[in-house]
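*Asks:* First the structure, which I've put down as structure tokens, then a few questions once you've had a look.
Throughout, read-outs are computed from the coordinates displayed, never taken from laboratory work. Keep in mind that what you see is a predicted model, and the values were worked out from it rather than measured. Neighbour counts are summed over all protein chains in view; Cβ atoms, including those assigned to glycine, are modelled from backbone coordinates with ideal geometry.
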Amino acid sequence: MTTIRTSVGVFSSIFVVSCLSLARAQHANLSAHVHGASELNIVIGGNKLEIQLRSPAINILGFEHKASTEQQIRKVKQSEVKLNDHNALFSFSSGGCRLTQAKIDLSDLIEHKTTEKDAHDHHKNDLDHSQEQEDEHGDHSEIVAHYYYDCEDMDELSSISLGFFDVFPAMQQIKSMLITTSGQGAASLTRSNKTITF
Ligand SMILES: [Zn+2]
């Protein structure tokens with residue numbers, strides 16, 4: 001993340017590219033993929049505040065293979081609901097920030113059985129082994145979520161406290177980066193130190 005020294009506009013473009021080619025981005029980013037650790041980027045420009053979470057899927061779902069059983073698919077859907085519950089994830093000290101949009105799409109993490117043959121082939125890959133296969137082949141997956149806020153008084157905003165450690169207990173560390181038009185800062189958050197101070 002230290003390579004991002006660019007303007008807010010370019011940073012947003014990187015977000016878009018990440019979303020469009022998530023699979024490729026994941027491979028490029030594999031060195032940063034540490035189970036238990038996530039990245040949170042906060043970009044502030046004018047009265048707009050953007051938050052991007054990038055996390056190994058295992059921190060949120062408990063697995064990284066595609067969900068195929070009813071139970072796994074339910075887990076994905078529940079996680080999507082939890083990720084959408086922004087009030088549980090972010091507590092703003094002040095500033096009058098209101099969420100205008102959240103972009104969370106975990107549909108890629110659900111196995112789409114298109115044909116009977118596919119379904120049959122998949123069945124052969126016994127689910128008990130899917131985790132092993134994933135480890136063996138280094139097949140990791142990540143979840144990216146975006147939150148967009150409008151703030152009435154950005155100057156008043158002094159901190160954001162994170163609820164991720166409570167909502168997703170497998171999260172152990174969140175590396176946060178704050179990017180404003182005047183500079184940037186980084187912090188490492190944990191369960192016992194979960195407040196980003198500006
Ligand atoms: Zn992984």
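*Asks:* Apply the Karplus curve 6.51 cos²θ - 1.76 cosθ + 1.60, θ = phi - 60°, to the phi angles in the range 100-107 and return the couplings in whole Hz, x for Gly and Pro.
*Replies:* 9, 7, 10, 10, 9, 9, 9, 4
*Asks:* Grab the Cα-Cα distance for residue 110 and residue 91, subtract it from 0.36 nm times how many residues apart they are, and report the gain in nm with one decimal.
*Replies:* Details: separation 19, 0.36 × 19 = 6.84 nm, distance 3.02 nm.
That pair, residue 110 and residue 91, stretches by 3.8 nm at full extension.
*Asks:* Suppose each label sits 7 Å from its Cα in the direction of the beta carbon; what would the residue 77-residue 181 distance come out to in nanometres?
*Replies:* Computed distance between label sites residue 77 and residue 181 equals 4.4 nm.
*Asks:* Over 29 Å between C-alpha atoms is what I'm after, so list which of 48/75; 113/175; 75/113 land there.
*Replies:* Working: 48/75 32 Å; 113/175 36 Å; 75/113 18 Å.
From the list (48/75; 113/175; 75/113), the Cα-Cα distance tops 29 Å for 48/75; 113/175.
*Asks:* Each residue of the range 181-189 in turn: what ³J(HN,Hα) in whole Hz from Karplus with 6.51, -1.76, 1.60 and θ = phi - 60°, glycine and Pro shown as x?
*Replies:* The phi angles translate into 5, 9, x, 8, x, 10, 8, 10, 9 Hz.
*Asks:* In addition: Pull out the extension gain between residue 32 and residue 155, defined as 0.36 nm times the separation in residues minus the alpha carbon to alpha carbon distance; nm, one decimal. Provide the component values of the computation, followed by the final result.
*Replies:* Values: separation 123, 0.36 × 123 = 44.28 nm, distance 3.23 nm.
My answer for the length gained is 41.0 nm.
*Asks:* Rank-order 93-99, 143-149 by packing density, defined as the average count of other C-beta atoms within 10 Å over each peptide's residues, highest first.
*Replies:* Details: 93-99: 15.7, 143-149: 21.3.
Highest mean packing first, the order is 143-149, 93-99.
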